[in-house]
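Structure first, commentary second.
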Amino acid sequence: NAGVTQTPKFQVLKTGQSMTLQCAQDMNHNSMYWYRQDPGMGLRLIYYSASEGTTDKGEVPNGYNVSRLNKREFSLRLESAAPSQTSVYFCASGRSGTQETQYFGPGTRLLVL
Amino acid sequence: GNSVTQMEGPVTLSEEAFLTINCTYTATGYPSLFWYVQYPGEGLQLLLKATKADDKGSNKGFEATYRKETTSFHLEKGSVQVSDSAVYFCALSKAAGNKLTFGGGTRVLVKP
């Protein structure tokens with residue numbers, strides 16, 4: 001099992017450019033999540049998907065869109081990148097329920113110039 | 001809303017020293033509590049968890065006890081190794097959808 005995979009690993013964008021971060025999991029999990037990690041702030045939830053076909057906003061959704069393509073894949077799109085979106089992005093998946101562990105991908109480091 | 005506060009780092013220790021990382025939370029009711037660890041260049045992985053008051057989570061020599069009366073979930077290890085150098089995150093889950101609320105993370109550096 002590969003677990004949670006993310007592409008790309010690293011990306012540099014210019015302000016105003018768009019890109020899509022890809023995430024896939026092979027653990028048959030219903031729930032998937034996108035977080036961003038900034039120094040001293042821990043991880044903050046951008047969007048999540050409790051099941052295929054549903055998505056909901058997290059704590060910091062502005063400037064992002066998501067697509068739950070199927071049960072395995074959950075993509076994050078930046079339509080017009082801004083320097084404030086420079087961050088490390090993590091995708092995670094897990095079973096439903098507040099006691100359940102989330103499994104994280106290796107992250108995508110994004111630099112917006 | 002929910003929040004998690006943990007001690008700021010970095011924490012620098014010598015090998016075999018005792019490690020404590022404090023974590024307190026704010027939430028209504030009974031959240032589930034987690035410690036995740038992030039090794040250099042990697043994503044987060046679960047270290048341990050506790051899902052009800054007075055539960056003790058343990059793994060790899062680390063322990064944490066869910067204290068409802070003090071709203072705390074402090075992480076401890078009796079004898080750290082160089083390989084324990086990492087960033088440790090305390091987190092809680094309560095809302096529908098199992099959304100995690102994280103603390104700011106504590107960087108631990110263990111020197112030989």
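A short reminder: the numbers here are calculations on the coordinates, not readings from a lab. What you are looking at is a predicted structure, and each value in this text was computed from that prediction instead of being measured. Because the Cβ atoms are built from the backbone with ideal geometry, glycine has one as well, and the counts that use them run over all protein chains shown.
Computed values, structure above
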item: 10 Å Cβ neighbours from other chains, averaged over peptide A:60-73; result: 0
item: Rounded, prolate or oblate (a/c below 1.5 giving rounded, otherwise prolate when a/b exceeds b/c) for region B:17-98 by Cα gyration tensor; result: oblate
item: Taking all pairs of distinct alpha-carbon atoms in chain A, Kirkwood radius in angstrom; result: 13.9
item: Cα convex hull of the protein assembly as shown - mean projected area over all directions, nm²; result: 12.0
item: For A:102-109, mean number of other protein chain Cβ atoms within 10 Å; result: 4
item: Chain lengthening between B:E76 and B:R107 when straightened (0.36 nm per residue, less Cα-Cα); result: 9.7 nm
item: Loop-located GluC sites (Glu not before Pro) in region A:40-103, at most 16 other Cβ atoms within 10 Å (DSSP); result: A:E52, A:E59, A:E79
item: Unit charges at the beta carbon, dipole of chain A: most positive-side option, A:G63, A:S93, A:G16; result: A:G16
item: Summed residue charge, Cβ within 11 Å of A:G107's Cβ, Lys/Arg positive, Asp/Glu negative; result: +2
item: Theoretical FRET efficiency, 1/(1+(r/R0)^6), r = Cβ-Cβ of B:F18 and A:R109, R0 30 Å, to 0.05; result: 0.30
item: Under-29-angstrom lysine pairs by C-alpha in chain B, whenever the two are 8 or more apart or on separate chains; result: 27
item: Neighbourhood charge, 14 Å Cβ-Cβ cut-off, centred on B:G61 and excluding it, Lys, Arg +1 and Asp, Glu -1; result: -2
